[in-house]
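Right, I'll just put the structure down here and ask away after.
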Amino acid sequence: MISFSKKIKKYSFILGISLSFLYFIHSADCRANGESRPTRLEKLQKRGYVRIGLSNEPPWTVIDADGQVGGAGPDLTHAVFQRMGVSELQGVLSTFGGLIPGLLAGRSDAISSGLFIQPGRCQAVAFSEPDLCDREAFLMKEDMPLALKTYRDLATDSLLQVGVPAGGTEEREALAAGVPASRLVPVPDGPSGMIMLLAGRIQVYSLPASSAQHLVDLWRGQKFSLVTVKDAPVMCAGTAFSPNAVDLRDAYDHVLAKLKADGTYDRILRAHGFDPSLARGHTREEFCRGKQSL
Ligand code: 6CS
């Protein structure tokens, strides 16, 4: 008497064989009558929209009251995909740390949220060529007595609690400069960081300079000081694709280069206060190799 589990094994083996046989027939059939399987880009063109993973961090990304997605990243990515024959862009909102897991789980087709190109991330996703670049900054209450200009300064003062974007680069930079993890406080988003600063929960909030300036402008009733970090390189972001969507990433890079050549790229970046000259002449490879300075 064949045991139940042996039966299961036998039937699932037969099922496996027949499914792969059917797949083989089908793809052979496609190839036989010259039909090739649609590429990812062809699928998006047919579907008519691209799903973009983003977190809420102006001016990199802007989500307005009726959920419309904009900001430097999505506006640039939308312009590229429109040239690729995909007219609509749909935003998939997530925390910063949830962007890559969301992409790998298929909840988005690409990430356009100012995701800095870094060696570790290059192992997980396929980045486009650099698009948005920025320096790092420290935000502090104006009455902060200490002249803090470097991550090194943060390491030497054992009383400082430092806020960093959850899942962001700043945590890596601070740890590399010797700031103990016990003094790093993950911050979910910009407004929370400002509330934590005002409440004295953190004394320094480390984030990209353009994000910091946007928050200072937003909280103009309060006195903050914004310092550009001296010992951190200029960071450049890229639009990120799933590691098995390199064909789509390459098609994207091809059109991005055209937009960098015809003025569209400059116009979109300047509209959001980004300097288009920073990314020029630099490649994803450099940043994936861990380029240190610009
Ligand atoms: O990619 C990063 O890690 C950084 N980029 C942005 C736009 N915000 C979070 C984080 O700082």
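Kindly list, by first and then second residue, each pair from a residue in the stretch 60-77 that is not assigned by TED's automatic domain parsing to the domain that holds Asp189 to a residue that is assigned to a helix (DSSP H, G or I) and away from the ligand (no atom under 15 Å from the Cβ), limited to pairs with Cβ atoms under 7 Å and residues at least 6 apart or on different chains.
Ala72/Ile268; Asp75/Ile268; Leu76/Tyr265; Leu76/Ile268
Taking the stretch 273-284 on its own, how many of its residues are among the charged types (D, E, K, R) and out of contact with any Cys (no Cβ under 9 Å at 6 or more places or on another chain)?
1
Follow-up. Conditions: (1) within 30 Å of Asp266 (Cβ to Cβ); (2) among the acidic types (Asp, Glu); (3) surrounded by 15 or more Cβ atoms within 10 Å (Cβ to Cβ). Asp217 meets all but one. Number of the miss?
(3)
Would you mind listing the strands (runs of 3 or more DSSP E) fully within the stretch 137-210 where at least 3 residues are closer than 20 Å to Gly114 by Cα and within 15 Å of the ligand (Cβ to nearest atom)?
Qualifying strands (runs of 3 or more DSSP E): 162-165, 204-208.
Looking at (1) of a type in the set (Gly, Ala, Ser); (2) buried (at least 17 other Cβ atoms within 10 Å of the Cβ); (3) under 12 Å from the mean Cα position of the chain (by Cα), which is the one condition that is false for Gly97?
Just one mismatch for Gly97, condition (2).
Just for the stretch 142-159: of the residues that are over 26 Å from Ala279 (Cα atoms) and within 28 Å of the chain's Cα centre (by Cα), which one is modelled with the lowest pLDDT?
Restricting to residues being over 26 Å from Ala279 (Cα atoms) and within 28 Å of the chain's Cα centre (by Cα), the top hit is Leu148.
Let me ask something else about it. Can you name the residue in the stretch 55-93 that is closer than 22 Å to Leu259 by Cα and of a type in the set (S, T, N, Q) and is also nearest to the ligand (Cβ to nearest atom) among such residues?
Out of the qualifying residues, it is Thr61.
Looking only at the stretch 107-131, count how many residues are of a type in the set (A, V, I, L, M, F, W, C) and either assigned by TED's automatic domain parsing to the domain that holds Glu173 or more than 12 Å from the ligand (Cβ to nearest atom) (or both).
So the count comes out to 4.
The values are calculated or read from the model by the stated rules, or taken from the named source; none is laboratory data. The structure displayed is predicted, hence computed values, not measured ones. With ideal geometry, Cβ positions are generated from the backbone for all residues, glycine too; neighbour counts draw on all protein chains shown.
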